[in-house]
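Taking it in order: structure first as structure tokens, then the write-up.
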Amino acid sequence: MSIAVATPKPPVNPIVRHAGNPVLSALNVPYPSSLTFNAGVVRYAGRYLMVFRNDHGHDGCGGFQGTNIGLATSKDGVAWHVEPGPIFCEAEVREELKKTMGHHYDPNFVKRIYDPRLTVIDGKILMCFAVDTMHGICGGVATTEDLRKFKWLSVSAPDNRNMVLFPRRVNGRYFRYERPMPVYMREHPESFPIWCAESHDLVFWGRNRPVLGADEVPYANSKIGPAAPPIETPKGWLVTIHAVDRDPAKRLRGWEPKGWYKTYYAGLMLTDLHDPSKVIGLMRKPLLAPQTDYEIAGFRGSVIFPCGMILEDTGEVKIYYGAADTCVALATAHVEDLLAACEPIGA
Ligand code: BMA
């Protein structure tokens with residue numbers, strides 16, 4: 001009689017939440033802070049650097065004073081020390097935008113910047129961010145030597161955000177994913193896809209084209225967007241996405257006064273190394289679905305919003321995500337497991 005031996009299957013969901021989550025919250029911030037989330041992270045000059053969105057002065061009823069950007073540093077990517085003051089405030093946003101827009105600038109133009117993502121290209125730190133303006137939401141790219149002073153390189157036309165830069169040029173050009181959100185000509189409201197754009201100098205962006213549609217992501221019925229800047233592997237660019245399931249019949253936990261009914265998942269895709277507009281693999285289930293208390297309860301409950309991803313020399317991948325629009329959490333996986341989780345597309 002032969003005994004059947006089960007062949008081990010690759011892990012269905014290869015990711016593990018850090019036991020000490022959240023790794024950063026308003027409690028760690030030594031200046032006014034209500035919500036500390038959506039953080040870009042890079043490894044730079046022997047340290048980990050995190051820029052995070054800091055919403056301050058929330059009154060608990062949805063009103064708040066403003067948003068600035070904070071900086072935290074770490075030796076291991078797990079324990080973080082927050083610098084004494086914010087690195088980018090509303091006043092600086094207005095100044096930089098004035099320079100970028102010239103005589104088209106209106107003092108009421110900008111409201112705030114938020115959701116920063118970091119990328120190191122050729123040893124230089126670049127930051128992408130969203131800007132809320134009187135004309136709509138725009139996406140910006142800035143460069144900085146020291147994370148104290150920023151030079152704005154470009155601000156997109158509205159409505160666009162969630163820009164993430166690739167860590168190197170592809171076919172000689174800088175590359176980014178982005179998520180425009182035009183509402184006209186759309187069959188389903190908020191069904192926004194991920195797009196890409198290319199640039200010779202990080203200032204002028206063109207060759208815009210769609211990459212992945214919300215309808216291609218099985219667990220999304222609404223918008224999707226790029227999450228953390230992509231990491232390079234021999235098999236392709238590994239890219240986290242966020243994906244939204246919108247159900248107005250649901251009232252999810254949280255203290256968003258308008259009512260909150262959108263679940264944000266983290267997802268994963270693999271794109272072609274030589275043509276990142278081409279998706280070659282997709283994880284059919286969420287990489288992370290809200291399940292822990294810090295992901296389910298907060299300002300907007302059931303939100304997972306990655307903005308940072310680091311590939312360590314050991315093959316460990318650290319993924320930093322905003323949880324419930326309230327704090328920053330960390331999850332880890334092995335790069336090979338992440339690659340195995342992406343089902344081939346168009347093979
Ligand atoms: C998105 C952005 C993010 C936010 C997320 C969940 O549309 O506004 O800043 O984290 O919604 O509320």
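What follows draws every value from the coordinates through simple rules; no lab data is involved. Just so it is clear, the model here is predicted, and its values are computed rather than measured. Note that we place each Cβ from the backbone using ideal geometry, even for glycine, and neighbour counts take in every protein chain shown.
Remarks
- Simple spin-label estimate for E145 and K258 gives 4.1 nm between the two label positions (7 Å along the Cα-to-Cβ direction from each Cα).
- When you restrict to C-alpha pairs under 8 Å that are six or more residues apart and normalise by the size of the stretch 27-149, the relative contact order lands at 20 percent.
- Residues with amide H under 5 Å from that of G281, placed H, sequence gap 5 or more: L270, I345
- Volume per residue of the convex hull around the Cα atoms, evaluated for the chain, comes out as 166 Å³.
- R0 of 30 Å, Cβ-Cβ distance K75-A340: FRET efficiency to nearest 0.05: 0.45
- Residue exposure sequence - L71, L287 - by fewest surrounding Cβ within 10 Å: L71, L287
- When shorter helices are ignored and each DSSP H run of at least 4 residues is given -39500 (n - 2.57), the per-residue value for the chain at 222 nm works out to -1500 deg cm²/dmol.
- Scalar couplings 3J(HN,Hα) for the stretch 143-160, obtained by applying the Karplus form with A = 6.51, B = -1.76, C = 1.60 to θ = phi - 60°, are 10, 8, 8, 9, 6, 10, 10, 10, 10, 6, 9, 7, 10, 6, 6, x, 9, 7 Hz; x denotes Gly and Pro.
- Separation in nanometres of the label points that stand 7 Å from Cα toward Cβ, at F204 and I121: 1.5 nm
- Across the stretch 315-327, computed HN-Hα scalar couplings (Karplus, 6.51 cos²θ - 1.76 cosθ + 1.60, θ = phi - 60°) run x, 6, 10, 9, 10, 9, 9, x, 10, 6, 6, 9, 8 Hz from first to last residue, x flagging Gly and Pro.
- Trypsin sites (Lys or Arg not before Pro) within the stretch 190-251: DSSP coil, no more than 13 neighbouring Cβ in 10 Å: K250, R251
- Among D337, D159, D275, the residue with the largest mean-square fluctuation in a Gaussian network model of the chain, with springs joining Cα atoms closer than 10 Å, is D275.
- Between amide H atoms placed 1.01 Å from N, distances below 5 Å from R112 occur with D132, all of them 5 or more places distant or on a separate chain.
- Once backbone amide H atoms are built at 1.01 Å from N, N221 has V244, D245, R246 as its partners under 5 Å, excluding neighbours fewer than 5 places away on the same chain.
- Relative to the current alpha-carbon distance between M134 and M185, full extension at 0.36 nm per residue lengthens the span by 16.1 nm.
- When only Cα pairs below 8 angstrom with a gap of at least 6 residues are kept, the stretch 166-211 shows a relative contact order of 33 percent.
- Across the stretch 193-204, coupling constants 3J(HN,Hα) worked out from phi with the 6.51/-1.76/1.60 Karplus curve, θ = phi - 60°, read x, 8, 10, 10, 8, 10, 8, 7, 9, 6, 9, 9 Hz, and Gly and Pro carry x.
- The value of relative contact order for the chain, using C-alpha pairs under 8 Å at least six residues apart, is 16 percent.
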